Amino acid sequence: MRLVLLGAPGAGKGTLASSLKNKFGLTHISTGDILREEIKNNTPLGQEAKKYIESGGLVPDDVVTKLIEHKFLNDKQTELGYMLDGFPRTKQQAEDLDKILVNIKLPIEQAIYMEATLPVIIVRLIGRRVCRDCGELFHIKNKPSIKEGVCDICEGELYQRSDDNEETIKTRLDVYVKNVTPIISFYEAQNKLIKLNADNDSAKLQENLIRILNEDKKLD
Ligand code: AP5
Ligand code: MG
């Protein structure tokens, strides 16, 4: 399977990717996660990305596209299947991505458009907690950790992302709305778009997606 996950901040892209990764052995590529790792390591790229992420804006297209190209050229596991999460985010990124993937003969098969409503998105983002060590995602109501503030998987500390505050969430959503339509049209025109109701809980969401992919005979 070679998939792109599209959806608003908080739609559940990372959560869905993490369960599909375990089920199907796909490589999960999240530009947000890669950039946060660069920030954590205080690299020049991290220092550059920090100002965009903390304000809720987008990191420039050429910077993120180079990151993605580097990942595909250097990680042979991607040949076995991948899920892109948070990329592409502009029409330019979608076009450049197609060129990269066609060149290496790993074109996208399906673009999954995760549609979630605003109240659901807000609750998910405000309540999200992330493990500082392994990146596992939690939610104070929807998926609480057994011990408050501690990761169930590795016992790392859970934290709230610096961009999960009301003001930055508003900017992130505005940026998303401004950019998403041409991306949707881009994949619709290629007959690759699958729409998924992302207000559903994780189990239902996954079940629906697997059923649709099966019907499409994309699972073998
Ligand atoms: P990024 O990290 O990609 O953030 P995002 O797109 O805003 O999406 P999120 O990670 O916030 O949401 P998600 O859909 O993954 O939801 P999650 O599964 O965590 O990007 C961050 C920043 O990096 C950007 O703002 C930008 O600055 C920069 N950047 C990244 N990519 C870029 C690019 N391509 N170009 C330019 N800049 C880029 O779920 C959220 C919560 O809800 C969790 O707590 C989870 O437990 C819960 N939850 C999830 N699904 C469900 C469900 N079905 N039912 C109940 N609860 C659920
Ligand atoms: Mg995410």
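Brief remarks follow.
- Normalising the average separation of contacting C-alpha pairs (under 8 angstrom, six or more residues apart) by the number of residues puts the relative contact order of the chain at 29 percent.
- For the range 112-129, Karplus couplings with θ = phi - 60° (6.51, -1.76, 1.60), whole Hz, Gly/Pro x: 9, 9, 8, 8, 10, 8, 4, x, 5, 4, 4, 4, 5, 6, 5, x, 6, 10
- Value at 222 nm in deg cm²/dmol, rounded to 500, when DSSP H runs of n ≥ 4 in the chain each add -39,500 (n - 2.57): -16000 deg cm²/dmol
- Note on Lys192: lysines with a C-alpha under 17 Å away, same-chain residues under 8 apart excluded, are Lys91, Lys99, Lys105, Lys217, Lys218.
- Accessible surface computed residue by residue for the range 159-220, with neighbouring protein chains in place and a 1.4 Å probe, gives 61 Å² per residue.
- Expressed as a whole percent, the accessible area of the chain that falls on carbon and sulfur atoms is 50 (1.4 Å probe).
- Peptide packing for 174-183, 77-86 was compared via the average number of neighbouring C-beta atoms within 10 Å per residue; ordered from the highest value, the list is 77-86, 174-183.
- Size of the chain from its Cα atoms: along the principal axes, largest to smallest, the extents are 43, 40, 33 Å.
- Evaluated at q = 0.10, 0.16 Å⁻¹, a Debye calculation over the C-alpha positions of the range 99-214 (equal weights, vacuum) places log10 I(q)/I(0) at -0.43, -1.00.
- Rounded if a/c under 1.5, otherwise prolate or oblate - the range 165-218, Cα gyration tensor axes: oblate
- Using θ = phi - 60° and Karplus 6.51 cos²θ - 1.76 cosθ + 1.60, couplings along the range 92-109 (whole Hz; Gly, Pro as x): 4, 4, 5, 5, 5, 4, 4, 4, 4, 6, 5, 4, 9, 6, 10, x, 4, 9
- In the range 1-125, the convex hull through the Cα atoms has an average projected area of 7.8 nm², a quarter of its surface area.
- Taking amide hydrogens as placed 1.01 Å from N in the peptide plane, the amide H of Tyr82 sits under 5 Å from those of Arg2, Leu3, Thr27, each at least 5 positions away in sequence or on another chain.
- Within a straight-line Cα-Cα reach of under 26 Å, Lys40 can be paired with the following lysines, leaving aside sequence neighbours fewer than 8 residues apart in one chain: Lys13, Lys21, Lys50, Lys51, Lys66, Lys71, Lys76, Lys143, Lys147, Lys170.
- Per residue accessible area in Å² of the range 7-122, where ligands, DNA and RNA are left out and the probe is 1.4 Å: 47
The values are calculated or read from the model by the stated rules, or taken from the named source; none is laboratory data. Please read these numbers as outputs of a predicted model, since none were measured by experiment. Counting neighbours? That spans all protein chains shown, and the Cβs are built from the backbone with ideal geometry, glycine included. When the accessible area is computed, the model is the full protein with side chains, heavy atoms only, and any ligands, DNA or RNA have been set aside. Shrake-Rupley method; radii C 1.70, N 1.55, O 1.52, S 1.80 Å.
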